[in-house]
Protein chains: 2
Amino acid sequence: MTLRRGPRGGGEDTQAKILDAARALFAARGFEDASLRAIAADAGVDPRLIAHYFGTKADLFVAAFRFPFDTTAAVEYVAGPGAEGFGGRLAEFSTGILFGEESSRTMSGLIRAAASHPDAAQIARERLVSQLLLPVATRLGVSHAPLRAELMGTQIAGFVVGRYILQMPHVATVQRSVVSAAWKPVFDHYLTVPLDCAVPQEL
Amino acid sequence: MTLRRGPRGGGEDTQAKILDAARALFAARGFEDASLRAIAADAGVDPRLIAHYFGTKADLFVAAFRFPFDTTAAVEYVAGPGAEGFGGRLAEFSTGILFGEESSRTMSGLIRAAASHPDAAQIARERLVSQLLLPVATRLGVSHAPLRAELMGTQIAGFVVGRYILQMPHVATVQRSVVSAAWKPVFDHYLTVPLDCAVPQEL
């Protein structure tokens, strides 16, 4: 039998159970303290099935916190039409994720795990910036695209922290439409504000 | 001998050692997993000295992550002169904290610990919102002061996450002046943007 990494045909229920247990345990205990044995126990499966379906613990983490949307399509939706209306589209798209039941759990679990382990922090950074906001800013052809993308990322990550981790009472109960309207000019601002004293970084 | 809670006269060096060890260990392991015994070991003191100087573990956490500034003076500086120039003053004040060596450690340790324990999350929320941003917004007499304060708090907390936890490369190396200039209109915006569809919360 060939062991393949990543989801494979068959056993979708089992894989979903493992991913649910992984998301919950990584979020509750952090990357390091959530053992594959405990995740398997919570999912009610043999620990060897995790290796069979997903590979290593890091592989499982990546799979558990995969964004529940296609990033290529997301970049196209947000940046495709150009700078005109950009802030509104990013606000709509990001609040869609942050207010969605499953997607918000993914985001908050990712940030929570990132606080406890550098590997998780790197995965969170790649998900939010490298795969989403940086391609968006680059596509729009602005100067300092990486810094602009990261500044937008701080506001989005900060909302996750405020709503789901610090549980700020008003941010935890505010309607999506209010946040989306408030963010529209903020994202346009981060896209266009002069950053001339910022030294471009080669990283 | 009377056991007093909170710092007391004498033993300032010992207290400073305990607080340094507590900040480091709470940030690395989270509130729950950082034991008083381990903190005492790292500080090179008898565990009973922690109880003697600070009281319970929660008391020690509060003392370790006390803001290194006087909140009353901070509220006066940011909100005292009124809404005119508010964004610039909050941007200057908050970047002063977020780029300061000791104060940024306090903030990032606080957010990191908050991700692992609800008690720490509550303390972080109180520090950032209840004691600082809410009094500022209230003093300025705006509608929806709690929601506005929290929205500002999400941007500030998000910067801590981006710079110190996710370690976004450009946000981690950007100059303070660039962030301060970029934030000025953002804070003014959160202070004044219409939020009429937001239901005022009684909490």
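Mind checking the dipole of chain A: about its Cα centre, +1 per Lys or Arg Cβ, -1 per Asp or Glu Cβ, Debye to the nearest 20? Intermediate values should be presented prior to the final figure.
Values: 20 positive and 20 negative charges, 65 e Å.
Once rounded to the nearest 20, the dipole reads 320 debye.
For region B:24-87, the Cβ-based charge dipole about the Cα centre amounts to some 300 debye (Lys, Arg positive; Asp, Glu negative; other atoms uncharged). Within 10 Å of each Cβ in B:142-155, how many Cβ atoms from other chains are there, averaged over the peptide? Rounded to a whole number, the mean comes out at 5. Exposure proxy shown here: for B:Val161, A:Val193, the number of other Cβ atoms within 10 Å sets the order, fewest to most, as A:Val193, B:Val161.
Charges were assigned to the Cβ only: +1 to each Lys and Arg, -1 to each Asp and Glu. The resulting dipole of the protein assembly as shown about its Cα centre is roughly 580 debye. Among chain A residues, the beta-carbon with the smallest distance to the axis carrying A onto B is reported, with distance in whole Å, as A:Gly158, 1. Using θ = phi - 60° in the Karplus curve 6.51 cos²θ - 1.76 cosθ + 1.60, the 3J(HN,Hα) couplings for region B:13-26 round to 4, 4, 4, 5, 4, 5, 5, 4, 5, 5, 4, 5, 6, 4 Hz; x is entered for Gly and Pro. Could you state the angle between the C-alpha long axis of helix A:86-99 and the longest principal axis of the C-alpha atoms of chain A, as a value from 0 to 90 degrees rounded to the nearest 10? Approximately 30 degrees, to the nearest ten. Farthest towards the positive end of the charge dipole of region A:23-91, among the residues A:Thr56, A:Ala40, A:Pro81, is the Cα of A:Ala40, using unit charges on the Cβ of Lys, Arg, Asp and Glu. Our coupling estimate for region A:62-69, obtained by passing each phi through the Karplus curve with A = 6.51, B = -1.76, C = 1.60 and θ = phi - 60°, is 4, 5, 5, 10, 5, 5, x, 7 Hz, Gly and Pro reported as x. How tilted is helix A:176-192 with respect to the longest principal axis of chain A? Cα atoms for both, answer in degrees (0 to 90, nearest 10). Between the helix axis and the principal axis of chain A, the angle is about 60 degrees. For region B:92-132, the Kirkwood estimate of hydrodynamic radius, built from reciprocal distances between every pair of different alpha carbons, is 10.4 Å.
At 1.002 mPa s and 20 °C, plugging the Kirkwood radius over alpha-carbon pairs of region A:1-119 into Stokes-Einstein gives what diffusion coefficient in µm²/s? If you can, show how the numbers build up before the last one.
On the way: Rh = 15.6 Å.
Stokes-Einstein gives a translational diffusion coefficient of 138 µm²/s.
Karplus-derived 3J(HN,Hα) values for region A:159-174, using 6.51 cos²θ - 1.76 cosθ + 1.60 with θ = phi - 60°, are 5, 4, 5, x, 7, 9, 9, 6, 6, 4, x, 7, 5, 6, 10, 5 Hz; glycine and proline are entered as x.
Label separation (A:Arg66 vs B:Glu76): 5.7 nm, computed from points 7 Å beyond Cα along the C-beta direction.
In the protein assembly as shown the Cα-Cα distances spread across 20 Å bins starting at 0 as 26, 55, 18, 1 percent of all pairs.
Volume per residue of the convex hull around the Cα atoms, evaluated for region A:132-179, comes out as 81 Å³.
Arrange the following residues from fewest to most other Cβ atoms within 10 Å of their Cβ: B:Tyr164, A:Tyr190.
Working: B:Tyr164 22, A:Tyr190 25.
The fewest-first ordering by Cβ neighbours comes to B:Tyr164, A:Tyr190.
Apply 1/(1 + (r/R0)^6) to the Cβ-Cβ distance of B:Asp46 and A:Glu84, taking R0 = 60 Å, and write down the FRET efficiency to the nearest 0.05.
Calculated transfer efficiency: 0.35.
Across chain A, Cα-Cα distances exceeding 22 Å account for 53% of all pairs.
I need B:Phe31, A:Phe187, B:Phe99 ordered by Cβ neighbour count within 10 Å, fewest first.
Neighbour counts put them in this order, fewest first: B:Phe99, B:Phe31, A:Phe187.
Every read-out reported here was derived from the displayed coordinates using simple, explicitly stated rules and does not represent laboratory data. Since the structure is predicted, the reported quantities are computational estimates derived from the model, not experimental observations. Heads up, the Cβs are rebuilt from the backbone with ideal geometry, glycines too, and the neighbour counts pull from every protein chain shown.
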